[in-house]
Every structure is written in C-alpha cells, then in structure tokens.
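Reading through the structure tokens given below for one structure.
No value in this document is a laboratory result; all are computed from the given coordinates. Source: prediction; values computed, not measured. Positions of Cβ are generated from backbone atoms using ideal geometry, with glycine treated the same way; all protein chains shown enter the neighbour counts.
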Amino acid sequence: MQRKKEDQLAILILGAGAVGCYLGASLALNGHSIVTLEREHNAELLRKQGFYLTIGERTHHLENIAVVTSIEEALKFVSFDAVFIAVKSYDTAAVISSLAPHSAQLPAVVCFQNGVENEATLIAALGASKVIAGTVTTAVAKEGPGKIRLQRLRGVGLAANHALSKRLAAAMNAAGLNARLYADANAMKWSKLLTNLLANATSAILDMTPAEVFAHPGLYRLEIEQLREALRVMAAQKLRVVDLPGTPVRLLALGARLPPYLSKPLMQQNVGKGRGAKMPSFHIDLHSGRGKSEVSYLNGAVVRFGERLGVPAPVNRLLNETLLALSEGKMPLELFSHNPERLLRMIGDRG
C-alpha cells in the first residue's frame with residue numbers, strides 16, 4: 001500500500017466519464033493521489049495513454065492517475081480519504097453491490113450523481129456517516145477515453161454536514177474547481193435537479209436541440225410547466241431554491257413563475273443560449289441505444305415525491321413515461337422525431 005504526503009488527499013473515482021475524469025484529473029494536477037475504477041476493456045488503454053485534461057488552449061497529460069478494475073485492487077493500492085461516485089443513476093445499484101462488502105474499509109463516499117434519491121439509497125447500504133451529497137455544475141465534454149475538455153467553469157457543491165467536507169472543498173478550490181459548501185443538502189440537490197430538467201427529456205423525445213425547444217411556443221410552455229411542478233414539490237418539502245456555483249438557479253425559479261411573455265427572453269438568454277445546439281445527456285443516452293435513461297431519476301423523481309406529498313406532476317409524468325418507452329424500445333424513435341405537436345397533443349389529452 002502506498003503512503004501519501006500529509007497534505008495530500010487520496011481519492012477513489014467510480015465513474016471515468018466526463019465528470020469523474022474532470023474531478024480526478026484536476027485534483028491529480030494539483031498533487032493529489034487519484035485512483036479510478038474502470039471496466040477491464042478500457043483499463044489497459046488508460047494505463048498506457050494516461051489522461052488528458054484540456055483547459056482553454058492548454059492540454060495537460062496526466063500519467064500519475066492509477067487505474068484499477070475492482071474495489072479489492074483499489075484497497076490494496078492506497079488508504080483513501082474519500083470515494084467519488086460519478087456514475088449514471090441507473091448504475092447506483094451496481095456501485096452499491098461492489099462497495100457494500102467493503103464498507104468497513106471504505107471512507108466517506110461523495111455522491112456527485114444527478115437526481116435526489118441516490119444519497120438515501122447509499123445511506124441505506126453504507127450508513128449516514130459514510131455519505132456526502134455533491135453536485136457539479138461545470139460543463140465538461142468527454143472527447144474519448146480519458147480525454148476531457150473543460151467547456152465552462154461553474155463549480156462544485158458539497159454538503160457541509162460532514163467532517164471531511166471542509167477539507168474536500170479546500171482541496172477542490174486549490175485545484176480550481178470552485179467548490180462551495182451547503183448547509184441544506186436537499187435544497188442543493190433539488191436545485192440542481194431543476195437545472196437538469198430543462199430541455200432534457202423534451203430534446204431527447206423530439207430529437208430537437210435545446211435552442212429549437214425554447215424557440216417553439218408550445219414547447220416553451222411545456223418546459224415551464226415541468227419546472228413549476230418541480231417547484232411545487234420543493235415547496236411541499238419546505239425546500240428553498242439555492243444558487244449553485246456559477247448557476248443562478250433562483251433566477252431560473254423566478255423565470256418559471258413569470259408569465260411566458262416576460263420569462264421567455266430571460267430563459268432563452270440564460271438557458272437556451274447556454275446549451276444552444278449541444279444535445280443534453282438524455283438525448284445522448286437515447287440515441288446511443290443504451291436502453292437506459294436517467295429520466296426516471298429526474299422527471300420520475302418529481303412524480304414520485306409529488307405522489308407522496310399530494311402534488312400532481314402530469315407533465316413530468318408524461319415526459320418520464322414517454323422517454324422510458326422510447327429508451328426501452330416500446331415506441332419507435334421516429335414517432336416523435338421533430339414532431340412537437342404530437343407530444344403537445346398528448347399533454348392536452350391528459351389535461
């Protein structure tokens with residue numbers, strides 16, 4: 001087992017996608033010990049080529065990030081200070097299955113996953129003292145295995161209620177990750193969910209860019225209504241909307257409450273323009289043929305919490321059910337492709 005310097009963190013990264021690689025590479029660049037858990041077919045390539053982090057015009061080649069293929073191998077490598085979980089929400093069960101047998105040997109896990117239910121699932125398996133809620137609002141792109149480009153620096157959110165949180169935030173800020181601590185983890189995670197809803201499911205279902213979605217009057221109203229449903233669910237939980245690093249979520253919530261003729265220019269400027277022609281994660285998952293979607297952990301979560309709290313969420317329900325059906329092959333992709341009227345009619349029929 002390797003020894004680390006006194007001021008050096010040792011982090012195990014689960015999920016070598018865009019977010020996991022970005023966090024790991026940024027910390028490794030600043031002298032921290034990073035180990036990534038990767039599938040066998042990618043591990044050898046990453047060991048040979050290393051990792052690449054592009055920030056602006058400069059690309060950093062990192063050869064000091066270790067790659068393992070099992071928790072057992074990782075635990076023999078170094079004594080860890082934290083585990084970062086950055087996998088898709090539909091992979092949470094598999095992560096827990098691999099972590100649970102080693103819970104006593106593992107440090108706290110930081111959940112950077114989208115959605116608002118993964119922390120509770122992790123706590124049930126590992127214990128409340130082992131889980132820290134986190135969010136990432138920085139935009140990053142994965143250009144190949146281990147190759148990450150920073151697109152827009154926003155930052156990282158961490159729940160403040162853990163003994164490790166301040167140390168992690170300090171290390172992240174020293175590495176340029178722009179970390180901020182939050183006293184209310186649920187408010188932080190639900191505020192992040194609001195940003196994930198916009199032009200995500202709709203874009204995937206209709207095969208339209210976020211800019212096209214926001215430009216269409218009927219779809220714009222649909223986007224606003226799904227946000228309003230989520231805000232009502234938050235209000236029923238007595239959760240306030242909080243701004244996230246580099247992300248004015250309170251302004252987004254204000255826009256959702258305004259009449260469309262007032263809110264649309266604001267939303268197009270702050271959301272539509274920011275995403276533009278870039279396809280969101282739901283679209284990428286759907287059209288890659290993975291057969292899975294995180295929609296159930298975002299729009300679906302709004303529906304589930306709404307049912308418990310007596311808050312109807314028909315728009316989120318329809319978007320969730322429709323995208324799941326498309327992802328699972330129960331509906332052909334071309335059924336809604338560039339056909340917003342069909343989707344809007346379904347909303348009206350259920351109205």
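Note on LYS238: lysines with a C-alpha under 21 Å away, same-chain residues under 8 apart excluded, are LYS189, LYS192. Summing Lys and Arg as +1 and Asp and Glu as -1 over all other residues whose Cβ lies under 10 Å from the Cβ of PHE51 gives a net charge of 0. For the stretch 58-200, dividing the convex hull volume of the Cα atoms by the residue count gives 133 Å³ per residue. Computed from backbone phi, the HN-Hα couplings of the stretch 134-144 come to x, 9, 10, 9, 4, 8, 10, 10, 9, 9, x Hz, rounded to whole numbers (Karplus: 6.51 cos²θ - 1.76 cosθ + 1.60, θ = phi - 60°; Gly and Pro given as x).
What percent antiparallel are the DSSP beta bridges of the chain, to the nearest 5? For the chain, the DSSP antiparallel bridge percentage is about 35.
Over 31 Å between Cα atoms, which of LYS76/LYS166; LYS166/LYS292; LYS76/LYS278 qualify? Distance filter (> 31 Å) returns LYS166/LYS292; LYS76/LYS278.
Under the rule a/c < 1.5 gives rounded, and otherwise a/b versus b/c splits prolate from oblate, where does the stretch 206-330 land using the Cα gyration tensor? Oblate, since a/c reaches 1.5 and b/c is not below a/b. Give the residues of the stretch 113-140 whose amide nitrogen is closer than 12 Å to a point set 7 Å from the Cα of ARG308 in the direction of its Cβ. Counting backbone N atoms under 12 Å from the label point, the list is 116-121. Distant-in-sequence amide contacts of GLY31, defined by a placed amide H-H separation under 5 Å and a gap of 5 or more residues or a different chain, comprise nothing. The stretch 299-351 and the stretch 145-222 have Cα centres separated by 22 Å. Specify which residue in the list LEU222, PHE305, LEU206 is farthest towards the positive end of the charge dipole of the stretch 189-350, using unit charges on the beta carbon of Lys, Arg (+1) and Asp, Glu (-1), about the Cα centre. Value computed over the given set: PHE305. Percent antiparallel among DSSP beta bridges with both residues in the stretch 45-111, to the nearest 5? So the antiparallel bridges in the stretch 45-111 amount to around 55 percent.
Here the Gaussian network model covers the chain, with springs between Cα atoms less than 10 Å apart; of ILE205, ILE123, ILE85, ILE123 fluctuates the most. For the chain, how big is the tail of P(r) above 35 Å, as a whole percent of Cα pairs? Pairs farther apart than 35 Å: 22 percent. In the chain, helices alone account for a calculated mean residue ellipticity at 222 nm of -14000 deg cm²/dmol, with every DSSP H run of four or more residues adding -39,500 (n - 2.57).
In order along the stretch 29-38, phi translates into HN-Hα couplings of 5, 9, x, 8, 8, 10, 10, 10, 9, 9 Hz, rounded to whole numbers, per the Karplus curve 6.51 cos²θ - 1.76 cosθ + 1.60 with θ = phi - 60° and x for Gly and Pro. For a label point 7 Å from the Cα of GLU328 along Cα→C-beta, name the residues of the stretch 86-100 whose backbone N is under 20 Å from it. Residues 88-94 fall inside that zone. Between ALA104 and ALA183, what's the calculated FRET efficiency when r is the beta-carbon distance and R0 is 25 Å? Round to 0.05. Working from the Cβ atoms, E equals 0.30.
Here the extension length gained between LEU344 and HIS61 equals 97.1 nm, from 0.36 nm per residue of separation less the Cα-Cα distance. Would you please classify the overall shape of the stretch 193-266 from the alpha carbon gyration tensor, given that a ≥ b ≥ c denote the square roots of the eigenvalues, rounded means a/c under 1.5, and beyond that prolate means a/b larger than b/c while oblate covers the rest? The shape class here is prolate.
For the chain, the relative contact order comes to 14 percent (Cα pairs under 8 Å, sequence separation of at least 6). Name the shape class, rounded, prolate or oblate, that the alpha-carbon gyration tensor gives for the stretch 96-136, where a ≥ b ≥ c are the square roots of its eigenvalues, rounded holds for a/c under 1.5, and otherwise prolate holds if a/b is larger than b/c and oblate otherwise. Because a/c hits 1.5 or more and a/b exceeds b/c, the stretch 96-136 counts as prolate.
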